[in-house]
């Protein structure tokens, strides 16, 4: 679904549908962009005529209101520069992130090499099912996942929870921590999310990615398993955390 649809009655209906996925808060927009940058997520820049270029987000500069992408293939970049309609698409785990690219400029040389500069987007669309909606814990809490390492008997782990949804959880594995393989199932995990929320479950590791350019640890993207579908504990936590986060963002804007 194209966020650039002309303003006809039908497209206005589509725009209303897109409101569920629209992120217009500058704080949230920048947070998503920084997550893309830190995870080195692949970003595909494309035009309606079929020209495309896959790159990575190198920098987010809110002071200059710009974003920088790497540009190592000048012949493919040239076609993008000739278009006045460019869309960026990236994936964070299984979540599609999309936004418009405006003011694209090819900058040669410099410390970062050839780069593409564009205006910092005002709006980002994050396409995900409601049940897969992820929230980051509030700063006032220190949630952890506790479990025994499946390959090292007696090795008890307590990993920081980075974000959580009704279907999954992301954990931070320190740089010196033991290795985990994608597809591994870990049983009897205790998620200690806050003083009022503790959840017992299994997790299945789906993705292992390096955190940041310096490699200061690894991010374990995990699927939750073994949860009682009648238990609303996790749903209440996700909903309450999202409401509190939005209220906090609203107070900052005020």
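The values are calculated or read from the model by the stated rules, or taken from the named source; none is laboratory data. Computed from a predicted model, the values in this text were never measured in an experiment. Reconstructed Cβ throughout: ideal geometry from the backbone, glycine too, with neighbour counts over all protein chains shown.
Looking at the stretch 66-99, which of its residues are part of a loop (DSSP other than H, G, I, E, B) and over 20 Å from the mean Cα position of the chain (by Cα)? Hits for the stretch 66-99 are 71, 72, 73, 82, 83, 84, 85.
Within the stretch 159-181, not a single residue is free of Cβ contacts under 8 Å to residues at least 40 places away in the same chain, loosely packed, with under 15 Cβ neighbours inside 10 Å, within 17 Å of the chain's Cα centre (by Cα) and not in a strand (DSSP E or B).
Residues that are in contact (Cβ under 8 Å) with a residue 12 or more places away in the chain and either under 25 Å from the mean Cα position of the chain (by Cα) or part of a strand (DSSP E or B) (or both) were ranked within the stretch 149-158; the one that is farthest from residue 35 (Cα to Cα) is 157.
Residues of the stretch 43-53 that are touching a helix residue (DSSP H, G or I) at 6+ places or on another chain (Cβ under 9 Å) and assigned to a strand (DSSP E or B): 43, 45, 46, 52, 53. Test residue 204 against the criterion of being under 23 Å from residue 245 (Cβ atoms) and either surrounded by fewer than 14 Cβ atoms within 10 Å (Cβ to Cβ) or not assigned by TED's automatic domain parsing to the domain that holds residue 40 (or both), and give yes or no. So residue 204 fails the test. Hey, could you check the stretch 120-134 for residues that are more than 14 Å from residue 22 (Cβ to Cβ) and crowded, with 18+ Cβ neighbours inside 10 Å and say which is modelled with the highest pLDDT? The residue in question is 120. Out of 80, 68, one residue alone is farther than 30 Å from residue 168 by Cα and modelled with pLDDT of 90 or more. It is 68. Note on the stretch 207-230: residues that are over 19 Å from the mean Cα position of the chain (by Cα) and either touching a residue at least 24 places away in the same chain (Cβ under 8 Å) or part of a strand (DSSP E or B) (or both) total 3. Condition check for residue 204 on (1) free of Cβ contacts under 8 Å to residues at least 24 places away in the same chain; (2) assigned to a loop (DSSP other than H, G, I, E, B); (3) within 20 Å of the chain's Cα centre (by Cα): one failure, at (2). Within the stretch 58-89, the set of residues being farther than 11 Å from residue 45 by Cα and touching a residue at least 60 places away in the same chain (Cβ under 8 Å) comprises just one member, 60. Consider the stretch 83-104 and keep the residues that are modelled with pLDDT under 85 and touching a strand residue (DSSP E or B) at 6+ places or on another chain (Cβ under 8 Å). The one that is nearest to residue 122 (Cα to Cα) is 96.
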